[in-house]
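Trainee: What follows is a structure written as structure tokens; I'll ask about it next.
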Amino acid sequence: MKRILISGYYGFRNTGDEAILSAMITSLTAEISNAEITVASACPRETEERYAVKAIPRSIRSIFRALKKTDLFISGGGGLLQDTTSMKSLMYYCALLLLARVRRVPIMIYGQGVGPIKRSLGRFLVKLAVSGCDLITVRDERSKRELEKIGVKRDIIVTADPAFLLKPARASKLSKLKRPIVGFALRAWPDIDFSHIAQTADEIAGNLGATVTFIPFHAERDYSVAEQITRKMKEKAVIIDNIDLPSEALGVVGELDVLVGMRLHSNIFAAIQGIPFVPIAYDPKVEELSASVGVLNPLQCKDVKNGEIVLRVRELLSLDKNLNYPVDSLRLRARLNVTLAKQLLNERRVLGIRFDALEMDEAAEIIERYIEEEKPRLIVTLNAEMMVMAKNDPAFRSILMKADLLIPDSVGIAWAGRVKARVPGIDLIDELARRAVDKGYRIFMIGSAEGVAKKAAAKLIERYPGLQIAGVQSGYFSWQDEKRIVDKIRDTKPDILLVGLGMGKQEKWIAKHLRYLGVPACLGVGGSFDVIAGEVKRAPVWVRQAGLEWLYRFIQQPTRFKRMLALPKFVFYVWRERFSTRS
Ligand code: UDP
């Protein structure tokens, strides 16, 4: 189970933000089958009912608590990081990013629109908070420039607004109205005078013979704007109310002949469906969107009073057809948000090595899939010592980079990769043995001193009656014997090969013989056979839970002292890497 927590301006009945949320939920759940999504919302009950997800209050306290059990924190769109509407909300969203960092949860800025940020405190906060994020995608070039300008030095990927992936609900809310229908999606804005809008709407209704409708995109607020305008109008106009879901709003826009849009998402909705639209660029984001779909001359607020809207509407009505705005590439880029989120959830990169952020069940399921596919695969149970070793051993490093699956075995790897729980190789053996009995998989064990693998195999059979051991082989053999041993494994055709020759040596050995052996799941397991056989005692559960298994092993085997030096080195390398990418 992967737990994703999404925060944004949700539960406020703002159609644009709800459209983003709805599209994000649909595409994330379609792409990540084991995702459990929680949304921080102003109205948790409503959010839960609308989208069938979990929802929590958006207070800092409740989000901080939820972050404890979160695998990925998404700061979702639209324009959260700006101080035009309020400085308080900018501080709130930055605080959440910083809290997620304190909780060591991977953070993604998801297709956001950034800016304008006018105050220097705002710029400082955004730089601080965004620089600590793991993945930053923004919905337009302008947002990227804004972040670069305030000093964010991370990679910033320009994708597209997540709402480009929204699917319309079959609404037919306008089916009874006389065509052509011209829709207005307006908001209150200081430079816009409602009398001018009323006059424009009258001309469209009177001179062009169109039905004028108002579509509120921010429920109560925009509804009251529409009421004030219709009161000033001489002609009749219709205010569309009870639009509940964003997909319904999308459906309504799809029924228009022409849209006059201030609200960004009203324009996006028109573009997606090829409805001719006249954008009013009250904010740079509308200008940016218009340019991205080839509308290069959006109206400015000042144009509202000079009759320009009527001219444009007349021109678009005379086309008498839908337009094909170039939205395919925007849809693809919106999808990239999802792909990148999935990658961040499932993979980590530490000291240049990519590994898989998996829990026990997920790791075992992938290994089962490998067995079904019958293609030989190298699986590494990754620990910090290996990472340090790979720094000085290019051959080993390249094996790690080419391995099919790298599982976070040690507490050091879990710490550096910020995964919630590690998957110790020795526990994975147990899990695989349990599944092997069910599925009839056969296991071959090679490694450890003479007789130990045999003893370990007997213990496993005792624990999992019915387990089929294809063969055992001690780990000390001469190179002359190697060919015979490899042939023996190949001939017994096991499904799983456990190789306990010690880290480094075992991965190199597997890589060398992988193709010839033809075993689907070849897994390096270090000294696990010694523990299973009872030759070496494993740390008690409380020591493991405290993350101190390495210390226990050291006390048991002080000769490991030199190897232990790799641990502080690893911590140092990881810190150095973080410092150099974040500063
Ligand atoms: N080993 C082996 N053949 C060798 C060298 C080592 O079978 O040529 C075995 C050794 O007996 C031990 C395991 O590899 O069972 C290494 O255990 P250790 O705990 O040192 O491995 P790690 O888990 O740290 O990789």
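Trainee: From Ile192, Ile275, which residue is within 20 Å of Leu165 (Cα to Cα) and assigned to a loop (DSSP other than H, G, I, E, B)?
Mentor: Result: Ile275 is the single residue among Ile192, Ile275 that is within 20 Å of Leu165 (Cα to Cα) and assigned to a loop (DSSP other than H, G, I, E, B).
Trainee: So how many residues does region 518-570 have that are among the β-branched types (Val, Ile, Thr), part of a helix (DSSP H, G or I) and modelled with pLDDT of 85 or more?
Mentor: Within region 518-570, residues that are among the β-branched types (Val, Ile, Thr), part of a helix (DSSP H, G or I) and modelled with pLDDT of 85 or more number 5.
Trainee: Same structure, new question: Every residue in region 439-456 that is part of a helix (DSSP H, G or I) and either without any contact (Cβ under 8 Å) to a residue 24 or more places away in the chain or within 13 Å of the ligand (Cβ to nearest atom) (or both), please.
Mentor: Those that are part of a helix (DSSP H, G or I) and either without any contact (Cβ under 8 Å) to a residue 24 or more places away in the chain or within 13 Å of the ligand (Cβ to nearest atom) (or both): Val452, Ala453, Lys454, Lys455, Ala456.
Trainee: Quick one: Gly412 ticks every box in (1) closer than 23 Å to Glu365 by Cβ; (2) within 16 Å of the ligand (Cβ to nearest atom); (3) assigned to a helix (DSSP H, G or I) bar one, so which box is it?
Mentor: Result: Gly412 fails condition (1) only.
Trainee: Here are some residues: Ala30, Ala55, Ala19. Which one is surrounded by 24 or more Cβ atoms within 10 Å (Cβ to Cβ) and either at pLDDT 95 or above or not in a helix (DSSP H, G or I) (or both)?
Mentor: Result of the check over Ala30, Ala55, Ala19: Ala19.
Trainee: Restricting attention to region 504-525, does a residue exist that is in contact (Cβ under 8 Å) with a residue 12 or more places away in the chain and farther than 15 Å from Leu378 by Cα?
Mentor: No, region 504-525 contains no residue that is in contact (Cβ under 8 Å) with a residue 12 or more places away in the chain and farther than 15 Å from Leu378 by Cα.
Trainee: Step by step: first the residues of region 500-535, then only those that are near the ligand (Cβ under 9 Å from one of its atoms), of a type in the set (A, V, I, L, M) and closer than 19 Å to Ala433 by Cβ, then the one that is farthest from the chain's Cα centre (by Cα). Which residue is that?
Mentor: Val531
Trainee: I'd like the full set of residues that are within 12 Å of the ligand (Cβ to nearest atom) and either outside any loop (DSSP other than H, G, I, E, B) or within 19 Å of Trp509 (Cα to Cα) (or both), limited to region 415-428.
Mentor: Gly425, Ile426, listed by residue number.
Trainee: Something else now. Determine whether Tyr476 is within 40 Å of the chain's Cα centre (by Cα), modelled with pLDDT of 95 or more and hydroxyl-bearing (Ser, Thr, Tyr).
Mentor: Considered against the rule, which asks whether it is within 40 Å of the chain's Cα centre (by Cα), modelled with pLDDT of 95 or more and hydroxyl-bearing (Ser, Thr, Tyr), Tyr476 comes out as no.
Trainee: Right, something else. Within region 34-58, can you find the residues that are of a type outside the set (A, V, I, L, M) and in contact with a strand residue (DSSP E or B) (Cβ under 6 Å, 6 or more places away or on another chain)? Before the answer, list the steps.
Mentor: So the first thing to find is which residues in region 34-58 are of a type outside the set (A, V, I, L, M), and the list is 34, 36, 38, 41, 43-51, 54, 57-58.
If the condition is that a residue be of a type outside the set (A, V, I, L, M) and in contact with a strand residue (DSSP E or B) (Cβ under 6 Å, 6 or more places away or on another chain), then Asn34, Glu36, Thr38, Ser41, Pro44, Thr47, Glu48, Lys54, Arg58 are the ones that fit.
Trainee: Residues Arg418, Arg463, Arg435: which one is among the basic types (Lys, Arg) and either crowded, with 21+ Cβ neighbours inside 10 Å or farther than 19 Å from Phe529 by Cα (or both)?
Mentor: Numbers: Arg463 fails: either crowded, with 21+ Cβ neighbours inside 10 Å or farther than 19 Å from Phe529 by Cα (or both); Arg435 fails: either crowded, with 21+ Cβ neighbours inside 10 Å or farther than 19 Å from Phe529 by Cα (or both).
From the options Arg418, Arg463, Arg435, the qualifying one is Arg418.
Trainee: Could you tell me which residue of region 457-497 is nearest to Ala433 (Cα to Cα), considering only residues that are hydroxyl-bearing (Ser, Thr, Tyr) and away from the ligand (no atom under 16 Å from the Cβ)?
Mentor: Only one residue tops the list, namely Tyr464.
Trainee: Is there a residue being in a helix (DSSP H, G or I) and free of Cβ contacts under 8 Å to residues at least 40 places away in the same chain anywhere in region 347-360?
Mentor: Checked region 347-360: no residue is in a helix (DSSP H, G or I) and free of Cβ contacts under 8 Å to residues at least 40 places away in the same chain.
The values are calculated or read from the model by the stated rules, or taken from the named source; none is laboratory data. On a predicted model such as this, the values are computed, not experimentally measured, just so you know. Cβ atoms come from the backbone with ideal geometry, glycine included; neighbour counts cover every protein chain shown.
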